[in-house]
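Asker: Okay, handing you the structure first.
The values are calculated or read from the model by the stated rules, or taken from the named source; none is laboratory data. Every value quoted in this text rests on a predicted model; they were computed, and no experiment measured them. Just the protein is used for accessible areas: all its heavy atoms, side chains included, with ligands, DNA and RNA removed. Shrake-Rupley method; radii C 1.70, N 1.55, O 1.52, S 1.80 Å.
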Amino acid sequence: MVRHPLAPEQIEAGRRLGAALRSARAGRSPVEVALAAEISPETLRKIETGRLPTPAFGTVVRLSEVLGVPLSELARVWRTDPALSKAS
């Protein structure tokens with residue numbers, strides 16, 4: 001399977017998602033959250049820093065549940081382009 005490079009918009013969406021998850025984690029340690037979500041701490045670090053801009057759906061679901069953030073909110077963050085919001 002050939003993976004096509006991500007578009008800049010997808011990379012930026014991944015950064016927004018990572019920032020939202022990092023914010024939702026608040027004072028909890030990344031290791032605690034990762035283990036509760038059944039992912040590796042390194043995977044969580046990559047998502048939060050935008051180095052993994054398109055995490056697997058199941059990973060996002062588990063993080064949503066562990067952090068108490070509705071999937072619809074994470075989807076909104078991923079879809080929302082701040083540059084478009086400023087232009088309106």
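Asker: Could you look at segment 1-45 and say what percent of its accessible area is carbon and sulfur, using a 1.4 Å probe and all protein chains?
Answerer: 58
Asker: Keeping all protein chains in position, work out how much accessible area Arg15 exposes to a 1.4 Å probe, and write it in Å² to the nearest 10.
Answerer: 120
Asker: Here's a follow-up. For segment 11-58, report the accessible area per residue in Å² (1.4 Å probe, heavy atoms, rounded to an integer).
Answerer: 52
Asker: Sticking with this structure for a sec: Which whole-number percent is the relative contact order of the chain (Cα, under 8 Å, 6+ apart)?
Answerer: Reported relative contact order: 37 percent.
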